[in-house]
1. Residue 109 fails exactly one of the following numbered conditions: (1) of a type outside the set (A, V, I, L, M, F, W, C); (2) under 22 Å from residue 393 (Cα atoms); (3) at pLDDT 95 or above. What is the number of that condition?
2. Among the residues in the stretch 25-44, are any under 16 Å from residue 318 (Cα atoms) and modelled with pLDDT under 90?
3. Which ranges mark the helices (runs of 4 or more DSSP H) fully within the stretch 340-400 that have 2 or more residues being acidic (Asp, Glu)?
4. Exactly one of these conditions fails for residue 521: (1) without any contact (Cβ under 8 Å) to a residue 24 or more places away in the chain; (2) surrounded by 19 or more Cβ atoms within 10 Å (Cβ to Cβ). Give me its number.
5. If we scan the stretch 335-347, do we find a residue that is touching a helix residue (DSSP H, G or I) at 6+ places or on another chain (Cβ under 9 Å), open to solvent by less than 50 Å² (accessible area, probe 1.4 Å), over 20 Å from residue 291 (Cβ atoms) and aliphatic (A, V, I, L, M)?
6. Of the residues 114, 142, which is closer than 29 Å to residue 367 by Cα, open to solvent by 20 Å² or more (accessible area, probe 1.4 Å) and in a loop (DSSP other than H, G, I, E, B)?
7. What's the number of the condition residue 504 fails, among (1) in a helix (DSSP H, G or I); (2) without any contact (Cβ under 8 Å) to a residue 12 or more places away in the chain; (3) of a type outside the set (Val, Ile, Thr)?
8. For the stretch 463-501, name all the residues that are within 16 Å of residue 437 (Cβ to Cβ), open to solvent by 40 Å² or more (accessible area, probe 1.4 Å) and in a helix (DSSP H, G or I).
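The values are calculated or read from the model by the stated rules, or taken from the named source; none is laboratory data. Since this is a predicted model, take the numbers as computed values, not measurements. Note that we place each Cβ from the backbone using ideal geometry, even for glycine, and neighbour counts take in every protein chain shown. Heads up: the accessible areas ignore ligands, DNA and RNA and are worked out on the full protein's heavy atoms, side chains in. Shrake-Rupley method; radii C 1.70, N 1.55, O 1.52, S 1.80 Å.
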Amino acid sequence: MVSPNVLLRTKLHLPVSRPQLVDRPALHGLLDEGLIRGQRIFLVVAPPGYGKSTLVAMWARNNTAPTAWLSLDQHDNDPVRFMAYLTAALQTVHPSLGQTLQGMLRSPQVPDCEVLMSLLLEELAELEEEVTLILDDLHQIENPSILGALQLLVNHVPTELRLMLVSREDPALQLTRWKARGMLMELRLHNLRFAKDEASSFLEASMGVKLSEQQLEALLERTEGWAAGLQLAALSLKSKGSADLEQLAATFTGNTRLVMDYLLEEVWGQLSQELRTFLVKTSCLERMTGPLCNAVTGRSDSQQLLEQLWRDNLFVIPLDEQRSWYRYHHLFADFLQTEADCDQRQAALISAAQWCRSAGLATEAISYAFAALDYPLAENLLIEIAPHLIEQGELVSLLRWIDLLPPDRRVSNPLLVLFAAWSHFLTGDMPQAGQALQALSNCEPVQLTSLHIGLLKSLQTLFDTGTAQAVPLAEQAVAAMEHQPAFFRAAALLSLGQARAALGQAGQAATVFHEAYLLAEESGHQLTAVTALANLVA
C-alpha cells in the first residue's frame, strides 16, 4: 500500500556544485555587501537558464552564517505541506525550531497558514545568530493563503534572519517598504548575464570549448549573456571546425527563444538514438533516480547513464550530494517532451506512477497518474492515501486531487465522497461538507472499513449535534475508531463529547473531553488537545 510521503530531503539540500563551475566574485560581493549593510531581504529574479540557483548556492556555501535551503515545487501549494517543509528547512540549521508548529500540523483542524507563520516568527525572533533562509523557485507558489503567510514573514523579518527569494518572476509580495528603507537587495537579469571573461571561463573550464575573441564576442552578443544559451552553444560547437564556428555565430539572432531552438536542434542531432530514446522516455519525470528510470525505460543501467549525462554537461542537475537523484534543466525537459508522442509519454507516466506507488512516494504517484489521465489508478491511489492526508492535515491537496477526477468518478465512489465531506468540514466549508454528506445517500453501498464507518459517523454526529440520535452515532464512531490512528480516535471522542454536551450531559461530556485531551496530548496532536481542553473549561 502507498504510504504518506516522508519529507523529500533533496528539497532541503543546496544544489550540488560542479568543480568546473565559474566563480562569479562580483555577484558574490554584491550579496556580501548586502549582508554587511544589514539588508534583510534578497531578491534574485531572472528567466530560466540564467544561473540563479547555481549562483545563490555557490554563495551560500561560502557564507559563514548558517543557511537553510528550500526548493519549492507545484505540490507545495498545500499550506500544511508548505509549512512542514519550511519548518524542516529551518531545522537543518536549528533543530529545535518549529517543534510546536509541527505538532499543530498533525492536528485535525490545522490553523490558518498566517497563524502558523506567526508562531514560527515568534521563535525566529529568539534567534541569537544570523540565519539565511533561501526559498528557491518561489514562482511555483500561487496559493493565496501561503502568499499571505509569506507576506507576514516579509513584513516582520526577524533581526537575525536574512530572507533570500529566488524566482523566475517577481513574487506576489509587497516589498516596497523594505526597498524604500534600503533593506532590499535585488539581483536581476542584467546582473546575471555573463560578462566576457565569465563567458570565456565558463566555455573553457566547464565545457572544454575555446573560442577566439571575435567568436566569443559574437556568441556573447547573440546569446545576450544567457548561461543556458552558452551551454547549448558549447555542446554544438564541440563538433564543429573553425569555419563552422564563424557561420554559427553569424546565423544566430538576438532572440533567446530562437537561439535555444536552434542550439537544441544542433545538440539533439549529435546524440545517439539510444541516448535520445532514454532522454525522451524520462523527460516527463519531475526528478529521476536509477530505479525509477529503469521502470520507465525498461533498462537496467539508468543510474550509470544519469551519471554519464551529468559528466557530459547534458543539462542534468544533481539534487543531492550522493548524486542519487537528478532532474533535467527545465528548458531541456520542455524540449525533450516535444519529441515524445502521446502514447510514449502516457506509458512512461503510468510506469512512473506505479514505481512511485511501490516506493511509497504518494504525492508523486498521484501526480503521474493524473498526468497520464489514468483515472482508475489515480482514484485507487487517492483512496489509499486519503486517510493519511487527512491525518496530516493536507486537506487542500486532497480536495484538489478529488476535483481533478471526472465528475462521474468524483461522486460515484462513496469513499471519495466521504473523504471530501470530512475534508470540507475540517476546512470549515460546512455547506460543501453537507452537500457531500447528502450525496453519500446516492452512492452504491460498499464494504466500508472501520475507519470509513468511524469517519462517517463522526461527521453525521457533528451535523446532528443536539438531536436524540447524535450520541448513539458518536458512540458508534468511537467504537469504529478503536484500532485506528490516534488522530481519528481523538476526533471521534471530540464528536461524542460535543454530542453529550449539546444534550446537557455535562459530566459525561467532560469525561470524554478529558479522554480526548490525554490521547491528543500523548500523540502530539496539539490543536486537538487544545480543542478538548477548551471544551472542558467551557
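1. (3)
2. So far as the stretch 25-44 goes, no, none of its residues is under 16 Å from residue 318 (Cα atoms) and modelled with pLDDT under 90.
3. 375-392
4. Evaluating residue 521 over (1) without any contact (Cβ under 8 Å) to a residue 24 or more places away in the chain; (2) surrounded by 19 or more Cβ atoms within 10 Å (Cβ to Cβ) leaves (2) as the failure.
5. Checked the stretch 335-347: at least one residue is touching a helix residue (DSSP H, G or I) at 6+ places or on another chain (Cβ under 9 Å), open to solvent by less than 50 Å² (accessible area, probe 1.4 Å), over 20 Å from residue 291 (Cβ atoms) and aliphatic (A, V, I, L, M).
6. Among 114, 142, only 142 is closer than 29 Å to residue 367 by Cα, open to solvent by 20 Å² or more (accessible area, probe 1.4 Å) and in a loop (DSSP other than H, G, I, E, B).
7. (1)
8. 463, 464, 476
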